[in-house]
Each structure stands twice: as structure tokens, then as C-alpha cells.
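The values are calculated or read from the model by the stated rules, or taken from the named source; none is laboratory data. Everything numeric in this text was worked out from a predicted model, so none of it was measured. Please note: Cβ atoms are built from the backbone with ideal geometry, for glycine as well, and neighbour counts cover all protein chains shown. Keep in mind that these areas ignore ligands, DNA and RNA; they rest on the heavy atoms of the full protein, side chains included. Shrake-Rupley method; radii C 1.70, N 1.55, O 1.52, S 1.80 Å.
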Amino acid sequence: LFALPGVVFLIAPGMNPMYGWALFLLFLIIGWMYPGIALKKYVDWRKTELTRSLPFSIDLIAAAMKAGLEFVAAMRYFVSLDIGGPLQEEFSSVLRQIELGKTRTEALADMAHRVQIEAFTSFVGVIAYGTEIGASIVDTLKIQGENLRRERFNVAERKAARAPSLMILPMALFIMPSVFIIVITPVIMQMNATGLMSRG
């Protein structure tokens with residue numbers, strides 16, 4: 001589709017053939033690269049939203065289980081809240097798989113395989129291990145939620161620590177030239193006023 005405007009430029013009357021071919025190739029390259037870039041951007045956004053929503057969802061599911069619901073019923077309760085977002089879609093998919101006959105651990109493992117996020121893999125592993133040894137899933141979920149929040153805080157700290165180094169390039173490109181102009185312009189004006197520039 002992006003190549004179509006390039007075809008228009010290519011066959012346009014009066015258009016230099018070299019410019020026409022250049023524009024056609026440019027639009028073709030943009031059309032070839034854009035879907036991959038847009039898809040990667042969407043995947044990154046989805047992973048960010050999933051990681052951000054997981055601790056809150058774990059807290060809700062743990063609270064529902066503490067009130068007496070079983071894990072799958074608590075997950076169904078979370079989905080019924082209609083909060084929206086990628087995490088609700090993933091949990092809905094897990095519930096559908098369980099209804100079709102998969103075990104809870106298998107459905108959660110499929111979810112972790114789909115999203116490819118370490119936090120989800122850890123979450124599924126904790127649930128599977130707790131189920132296997134007969135531990136309280138509520139306590140396990142609480143610990144997992146606290147660990148995920150701590151991990152998010154650590155990630156935020158690392159990003160904040162990187163901010164000064166990321167600001168160096170914009171400062172060098174945009175701020176420092178302005179500072180030089182402000183500092184040097186009065187000196188040049190003073191030299192012009194005293195005639196030093198004309199003597200040089």
C-alpha cells in the first residue's frame with residue numbers, strides 16, 4: 001500500500017524518472033519496514049501493560065480467595081470486574097482453556113508462553129509449585145505480589161539512574177549551543193563596538 005503513492009510519482013507526467021524511481025523505492029522501503037516497527041511497538045506496550053497490571057490482579061485474586069473462592073473462581077471474578085486491558089484478555093483465555101479441559105497449571109503455562117514475560121513465568125511457576133506441594137495459594141500469591149512490586153520499584157530506580165546519562169545528548173545538541181551563543185554574542189558585540197574586529 002505504501003508503494004502505491006510511489007507508483008503515482010513514477011508514472012506522473014513531467015516527473016523526472018530518477019526522482020520517480022527514488023520516491024517509489026523510498027515508499028516501498030517505508031511500507032516494508034513500518035508493519036514490523038508498529039508490531040514491535042504494540043508488543044512492547046502490551047508487555048508493559050501486562051507487567052504493570054499483574055501485581056494488582058494478584059492482590060485481587062488473593063483477596064477473593066481469602067473470602068472463600070477457589071483459584072479459578074477468583075480468576076473468573078477478576079475477569080468479571082471488566083477492568084479491561086491485556087491482562088483481562090489473557091485471564092479470559094486461561095478460563096476458556098480450563099473450560100475446554102486443560103488443567104489450571106497447563107492453561108497458566110500456555111499464558112506464560114504466549115506473553116513471554118519473566119514475571120508471568122515466575123507467577124505460573126509459583127502457582128504450580130504451591131499446588132504440587134499443597135501450600136496455601138493465598139499466601140503464595142501475597143508473597144508473589146510483594147516480589148513483583150519490589151521488582152517494579154527496582155526497575156523504576158534503574159531507569160531513574162539512567163536518566164542523567166540519557167540527558168547528555170539532548171543537552172549537547174540543543175542547550176549547549178544556546179549557552180555558547182548567549183555567552184559569546186556580547187563578547188563579539190563588544191569587540192565590534194571597540195573596533196577590534198575591524199582591525200583584525
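Table: residues versus (1) at positive phi; (2) in contact (Cβ under 8 Å) with a residue 24 or more places away in the chain; (3) surrounded by 13 or more Cβ atoms within 10 Å (Cβ to Cβ).
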{"residue": "47", "(1), (2), (3)": "no, yes, yes"}
{"residue": "50", "(1), (2), (3)": "no, yes, yes"}
{"residue": "61", "(1), (2), (3)": "no, yes, yes"}
{"residue": "80", "(1), (2), (3)": "no, no, no"}
{"residue": "93", "(1), (2), (3)": "no, no, yes"}
{"residue": "100", "(1), (2), (3)": "no, no, no"}
{"residue": "103", "(1), (2), (3)": "no, no, no"}
{"residue": "117", "(1), (2), (3)": "no, yes, yes"}
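Results for (1) under 32 Å from the mean Cα position of the chain (by Cα); (2) over 30 Å from residue 85 (Cβ atoms), shown as yes or no for each residue.
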residue	(1), (2)
118	yes, no
126	yes, no
129	yes, no
136	no, no
141	yes, no
149	yes, no
174	yes, yes
177	no, yes
194	no, yes
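Let's see how each residue does on (1) more than 17 Å from residue 57 (Cα to Cα); (2) open to solvent by less than 90 Å² (accessible area, probe 1.4 Å); (3) not in a helix (DSSP H, G or I):
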position	(1), (2), (3)
90	no, yes, no
113	yes, no, no
128	yes, yes, no
138	no, yes, no
159	yes, no, no
165	yes, yes, no
175	yes, yes, no
191	yes, yes, no
Region 59-85 - residue that is assigned to a loop (DSSP other than H, G, I, E, B) and farther than 17 Å from residue 98 by Cα and, of those, nearest to the chain's Cα centre (by Cα): 85
